[in-house]
1. Using the Karplus equation 6.51 cos²θ - 1.76 cosθ + 1.60 (θ = phi - 60°), what ³J(HN,Hα) coupling, rounded to whole Hz, does each residue of the stretch 352-367 give in order, writing x for Gly and Pro?
2. Would you mind giving the three semi-axes, in whole Å and largest first, of the ellipsoid equivalent to the stretch 68-132 according to its Cα gyration tensor?
3. Please give me the summed charge of the neighbours of ALA359: other residues whose Cβ is under 12 Å from its Cβ, Lys and Arg +1, Asp and Glu -1.
4. List the residues whose amide H sits under 5 Å from the amide H of LEU64, counting only those 5 or more places along or on another chain, with H placed 1.01 Å from N in the peptide plane.
5. Name the residues whose placed amide hydrogens come within less than 5 Å of the amide hydrogen of ASP460, ignoring near sequence neighbours (fewer than 5 apart) on the same chain.
6. Going down the table (LYS290/LYS343; LYS146/LYS318; LYS248/LYS290; LYS146/LYS343), which pairs top 24 Å between alpha carbons?
7. Considering only protein heavy atoms and a 1.4 Å probe, what is the carbon-and-sulfur percentage of the accessible area of the stretch 134-187?
8. Whenever you get a sec, compute what percent of the accessible area on the stretch 209-254 sits on carbon and sulfur atoms (1.4 Å probe).
Amino acid sequence: MKEKLIRDPGFSLALAALLAMPAPGAAQYQGPPLPPAYALENVTVVYADGRQEAGVNVVVRDGLIVAMGPGAPIPEDATLLEGDSLRVYPGMIDAQGRAPLQLPEPENREGALPWDAPRDVQGFTPHRLVAWYLTGAGADGREARKGGVIAAGIHPDGGMAPGQGAVVLFRMSAKNPWETVAQPALGLLFTFQGARGVYPGTLFAVMAQFRQSFEDANRHGLIQSEFARNPEGLTLPAWDPDFEVLRKAASGELAVYFVANSAGDIRRVLGLADEIGFRPVIVGGEEAWKVAEELKARNIPVLVSVDFPSPREWDPEKGGEGARGEAGSGGSDALEPGPAREKERLENIYANAGRLVEAGLTVSLTSGGVGGDFREGVRKAIEYGLPEEAALGAVTTTPATLLGLPHLATLGRWLAASFIVTDGPLFREGTAIRYTFVEGSLEEGWVGRQVGGGDVPGTDLTGAWEVLVSTEGMEIPFSMTLTQEGVSFSGTMSNPEMGAEAQVQGGMLAGADLTFILVYSMGTESVALDARGTVQGDRIIGSGSGEIGRFTFTATRKPGSEGGDR
């Protein structure tokens, strides 16, 4: 019988008070209990370089992989994660990803002089750190984890030099944004985006502003050096945080992530880098294949977005489609001029990553700032010539190295348990992310749920339910009220006598299977449990584990309550 796991941040604290007391007749601990353990039995481990090892047992305890190998013993207290043909991969890393972020708006835009606007109005704030403005915590990374993404590079937007990015690790335990930050100063983000209504508003002006700003930063540094050497005849130079950062970039100490898609813009980046001395990483790079030799000669990495544009005129399903990876070849003559041009443009974009890898460049595939599960775009790149082994490295080892955290893509005993478990090859159509581990914490995927799916389920959970939780020989009653929209549901769960109330969040129904999370907060503390169950008419039966240990639950619909079979 397939095991059901629960993880609920709601009634957990209420249960914890009861579970802290020994059950009648229960044996007493002679010492502190071991931390909860998880185990995977007879799985295939796929390393970032493509190597595979079959028949492996993996045991996770206290945030670490404590055992990994064929025949590795599985502790009796371990929760065995079941599934057929499971594979363990390093977690995916999105070098241009997404996380909740709120950057400040300029306060003096209305009164800014067009020829002498403040830097924040110009979109020129290199000193600004994205890490200051992150707003999410552990629960906010849930969708990323369910898509198999364990970490992401988060970059600012809103101008030619909006600030410095950060690396976010999607820790489930994070109680505030700072606890998600793995690297607070990833590197500067530059673009060719002009300011609104003030200088620099054109491409020519933006290029001039970059050059002048680096010159000013260099001059400011010389004045500081001269004052430090001999202050006679000089006034103390004012501190300029933007210039401090620009000098680090010019010296190569700080990477510059430069958004550029056309071949012309990429060449402009290369020209500025040669002139000023900064170390660029191309972001986007739709036409990077056109300048592959120039990029290769300078050893410049490319973050290739797989958030591909969709066809508007060209229909790939209706003929006129050339060979995969050979953009513009084959039956293009059968197409009208508009669709033929679009076909050639899009196929070049799809084939870009494969061509760059073939040319020997360092390539990382990204969601393009969209976040979530970006495997559909990776599959498209594979379809158009990117080797699957290279694709795996481009979402694991390469981004981990570029972001300065190479250990995130490494699997091994006594290393942090940050990996994903799938029920088939990672990039195969239909393969589900079954489990995601981030530093030993478990997030279960939506098994059987297709990405973007929105089919109306046959069961409506809306209404009132009586819930009985069983654990350690005790039974604890709760009342639960749910509201369902499509395949999603939410609600509340409470026990008035215990004074416990929790929020049911992130509920998802896939056929008869459901998954949800309960969130219960007390002051600054919260407890979270992921819950899983199966709907059987007017009953829900499930089981699970969390900080309070393992338990089962049964929910029964109250007579006269809404919902039922559709």
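The values are calculated or read from the model by the stated rules, or taken from the named source; none is laboratory data. Since the structure is predicted, the reported quantities are computational estimates derived from the model, not experimental observations. For neighbour counting, all protein chains shown are included, and Cβ atoms are generated from backbone atoms with ideal geometry for every residue, glycine included. Just the protein is used for accessible areas: all its heavy atoms, side chains included, with ligands, DNA and RNA removed. Shrake-Rupley method; radii C 1.70, N 1.55, O 1.52, S 1.80 Å.
1. Karplus-based 3J(HN,Hα) across the stretch 352-367 equals 4, 4, x, 5, 5, 5, 4, 7, x, 7, 7, 10, 10, 8, 9, 7 Hz.
2. Working: eigenvalues 588, 30, 23 Å².
Taking √(5λ) for each eigenvalue gives 54, 12, 11 Å, largest first.
3. Working: positive: LYS290, LYS296, ARG355; negative: GLU293, GLU294, GLU358.
That sum, taken over residues with Cβ under 12 Å, equals 0.
4. Close amide H contacts, sequence-distant or interchain: ALA417.
5. GLY564, ASP565, ARG566
6. Numbers: LYS290/LYS343 17 Å; LYS146/LYS318 34 Å; LYS248/LYS290 30 Å; LYS146/LYS343 33 Å.
Beyond 24 Å: LYS146/LYS318; LYS248/LYS290; LYS146/LYS343.
7. It is 50 percent, rounded to a whole number.
8. Working: 1540 of 2960 Å².
For the stretch 209-254, the apolar C and S fraction of the accessible surface comes to 52 percent.
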